[in-house]
Amino acid sequence: MYHFIDHPELRKDKRLVWAATRSVLENVGFLRNKNGKKSRSRWDLFLRLLGIFAVLLKITGYYRKGNGNAKTISVTYLTLKYPNLPTAFHGFRILHLSDLHIDSIPGFATLIRDRIKDLKFDTCFLTGDYRRDISGTFRHILKPFKILSKYIQAPFGTFAVLGNHDTFLMAQYEKESGLELLVNESVEIEKDGQKILVTGTDDPYNFYTEQAALCLETKGYDFKIALVHTTELAKIAAANKYSLYLCGHTHGGQICLKEGTPIISHQFEGKQFNHGQWNIGKMIGYTSRGVGVSGMPVRFNCAAEVILITLEVG
């Protein structure tokens with residue numbers, strides 16, 4: 001069982017304000033993270049370099065191999081122990097999916113479905129980036145999402161946040177996609193009379209507003225989980241005593257050297273946050289390598305992943 005901590009009317013009003021703000025940011029191309037305004041020139045340069053790299057891969061015959069790698073999705077099993085976890089949640093399982101980019105590879109929704117259909121979980125969290133492009137239409141991803149949707153429904157809810165590739169208009173299609181979108185909002189998940197808090201923020205990479213940081217200033221819960229597209233709000237979450245921080249965005253690099261070092265990670269918080277598990281004080285964080293791909297449909301030395309997390313008291 002779960003419910004939003006805000007009254008429905010207050011939540012509706014907040015959502016309207018958010019939609020108005022983000023629509024302006026998207027339509028005028030005003031990209032902003034918590035350090036200030038960003039330029040699109042870096043992204044344009046990245047796309048040009050990718051085009052050159054794609055030609056080289058095709059010439060050398062590695063493109064097909066990389067595309068095959070991108071279609072191979074691994075399952076990462078993770079057990080996390082917490083002394084402050086309410087006992088009712090001992091053994092609670094979380095399926096974490098990030099960066100689906102579900103339209104980047106034909107038939108990709110079916111590949112994801114086949115990988116997760118036999119997994120057992122109590123709740124599902126998605127941390128952004130559902131389409132390939134950073135602007136333009138998104139309706140074409142609704143059909144593949146329906147293929148996937150019934151396989152990510154969970155007894156204690158399926159929750160999602162937006163990434164920098166997503167648009168505020170997707171909030172109108174929560175029912176069709178089978179998701180509860182968290183936009184600078186929190187929900188209580190209750191089990192056997194005990195509760196944990198889950199907070200989801202808007203994307204802080206391109207569409208940061210102060211509300212994303214303020215919504216993490218929550219009190220009164222022993223165990224709290226933050227869902228954010230990137231690691232950029234991790235220190236704020238840790239300062240507000242969140243126990244678990246789940247994010248993605250980096251794709252683990254997607255194209256890495258043999259030892260797993262990303263050539264490009266698109267994050268600037270520190271290399272320890274590129275992928276996998278990390279800590280800030282008592283807070284455990286996990287940066288997903290992502291399910292899908294961005295830029296070009298290839299992966300090297302960086303497998304796509306879905307993460308199945310088991311919480312335990314310990």
Residues with amide H under 5 Å from that of Thr167, placed H, sequence gap 5 or more: none
Looking only at Arg139, Arg15, Arg115, which one moves most when the chain is put into a Gaussian network model with springs between Cα atoms under 10 Å? Arg139
Hey, what D do you get for segment 259-309 in µm²/s if you plug the Kirkwood alpha-carbon radius into Stokes-Einstein at 4 °C and 1.567 mPa s? 105
Once phi is turned into ³J(HN,Hα) by the Karplus curve 6.51 cos²θ - 1.76 cosθ + 1.60 with θ = phi - 60°, what whole-Hz value does each residue of segment 280-287 show in order, with x for glycine and proline? 10, x, 8, 7, 9, x, 9, 9
In order through segment 182-193: 3J(HN,Hα) via Karplus (6.51 cos²θ - 1.76 cosθ + 1.60), integer Hz, x for Gly, Pro: 9, 10, 6, 9, 10, 10, 8, 9, 10, 9, 6, x
Net dipole in debye of segment 21-313 [+1 Lys, Arg Cβ; -1 Asp, Glu Cβ; about Cα centre; nearest 20]: 860
Arrange the following residues from fewest to most other Cβ atoms within 10 Å of their Cβ: Val187, Val228, Val24. Val24, Val187, Val228
Calculated FRET efficiency, Asn84 and Leu16, Cβ-Cβ r, R0 41 Å, to nearest 0.05? 0.70
Mean projection area, nm², convex hull over Cα of segment 79-155: 6.3
Please list the non-local residues whose amide H lies under 5 Å from the amide H of Glu185, H modeled 1.01 Å from N, same-chain partners needing a gap of 5 or more. Gly200
Considering only the other residues whose Cβ falls under 13 Å of the Cβ of Leu95, what net charge follows from Lys and Arg at +1 and Asp and Glu at -1? +2
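Scaled to the compact-protein estimate 2.2 N^0.38 Å, what is the alpha-carbon radius of gyration of segment 119-163, rounded to two decimal places?
1.27
Given the Cα-Cα distance of Ile147 and Thr261 and 0.36 nm per residue of separation, how much length would full extension add, in nm?
Additional length available on full extension: 37.7 nm.
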Residue by residue through segment 220-230, which ³J(HN,Hα) values in whole Hz follow from phi under the Karplus form 6.51 cos²θ - 1.76 cosθ + 1.60 (θ = phi - 60°), with glycine and proline marked x? x, 10, 6, 9, 9, 10, 10, 10, 9, 5, 10
Say the dipole of the chain comes from +1 at the beta carbon of Lys and Arg and -1 at that of Asp and Glu; which of Asn184, Leu311, Phe108 then lies farthest toward its positive end? Phe108
Based on the alpha-carbon gyration tensor of segment 21-313, what equivalent-ellipsoid semi-axes (square roots of 5 times the eigenvalues) come out, in whole Å, largest first? 29, 21, 19
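Taking every DSSP beta bridge with both residues inside the chain, roughly what % is antiparallel (nearest 5)?
Taking every DSSP beta bridge with both residues in the chain, the antiparallel ones total about 40 percent.
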Among bridges DSSP assigns within segment 167-264, what percent are antiparallel (round to 5)? 55
Which of Gly248, Gly128, Gly260 ends up with the largest GNM mean-square fluctuation for the chain, with Cα atoms connected below 10 Å? Gly260
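Work out, step by step, the length gained on full extension between Phe4 and Val24: first 0.36 nm times the residue separation, then minus their alpha carbon distance; give nm to one decimal.
Using 0.36 nm per residue and subtracting the Cα-Cα distance, I get 4.6 nm.
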Additional length obtainable on full extension of the chain from Glu190 to Asp118, 0.36 nm per residue less Cα span: 23.4 nm
Kindly point out, ordered by number, any Cys in the chain whose beta-carbon has no other cysteine beta-carbon under 4.7 Å away. Cys124, Cys215, Cys247
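We did not get these values from a lab; they are worked out from the coordinates using the rules stated. Predicted, not measured: the structure shown is a model, and the values here were computed from it. Counting neighbours? That spans all protein chains shown, and the Cβs are built from the backbone with ideal geometry, glycine included.
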